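These notes are about the structure you will find just below.
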Amino acid sequence: QVQLVESGGGLVQAGGSLRLSCAASGRTFSNYFMSIMGWFRQAPGKEREFVAAITWSGGSTYYTDSVKGRFTISRDNAKKTVYLQMNSLGPEDTAVYSCAVGNSGNLNTYYDARRYYSWGQGTQVTVSS
């Protein structure tokens, strides 16, 4: 089984920045280069929302419209870690952020949480005004 551990969450003021990390491990992740890593978030009283995704092999990135230009997803293949750099944060970004791993096939469905088979516990991001 793939184990994912998020870190980097916290409390920041509006306009600030934060960088989240997601470290992957486990023997099931031996072929990680064939997978896709995604970030999702869920705010209080709202549905889970896709944020960003990246493929391990080619580094192709995908973003939801609400974070384009503000968030940047990246990966360190050697460390098997995915990062989410978040800039110009606002209260609307407050949520529990979770990373997940899925098969890299059918990349047109990168936004679909159902394609991801392993999830981290999540890290809280709170943006105050």
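Quick one: if the Förster radius is 22 Å, what FRET efficiency do Ala43 and Arg114 give, using the C-beta to C-beta distance and rounding to 0.05? Write down the numbers at each step before the final one.
Details: r = 20 Å, r/R0 = 0.91.
So, using R0 = 22 Å, E works out to roughly 0.65.
The residues of the chain expose, per residue, 51 Å² of accessible area to a 1.4 Å probe.
Rounded to the nearest 0.05, what FRET efficiency do Gln85 and Met34 give with R0 = 30 Å and r taken as the Cβ-Cβ distance? Could you check?
Values: r = 25 Å, r/R0 = 0.83.
Rounded to the nearest 0.05, the efficiency is 0.75.
Order Glu49, Glu6, Glu92, most accessible first, counting only protein heavy atoms with a 1.4 angstrom probe.
Working: Glu49 60, Glu6 20, Glu92 125 Å².
Order by accessible area, largest first: Glu92, Glu49, Glu6.
Taking the Cβ of Glu47 as the centre, find all other residues whose Cβ is under 15 Å away and add up their charges (Lys, Arg: +1; Asp, Glu: -1).
Details: positive: Arg41, Lys46, Arg48, Arg114; negative: Glu49, Glu92, Asp112.
Net charge in that neighbourhood comes out at +1.
Ligands, DNA and RNA left out, the 1.4 Å accessible surface of the chain is 46% carbon and sulfur atoms.
The values are calculated or read from the model by the stated rules, or taken from the named source; none is laboratory data. As the structure is a computational prediction, the values presented were derived from the model and not from experiment. Glycine also receives a Cβ, built like all others from the backbone with ideal geometry; neighbour counts cover every protein chain displayed. Remember, those area values only see protein heavy atoms, side chains included, never the ligands or the DNA or RNA. Shrake-Rupley method; radii C 1.70, N 1.55, O 1.52, S 1.80 Å.
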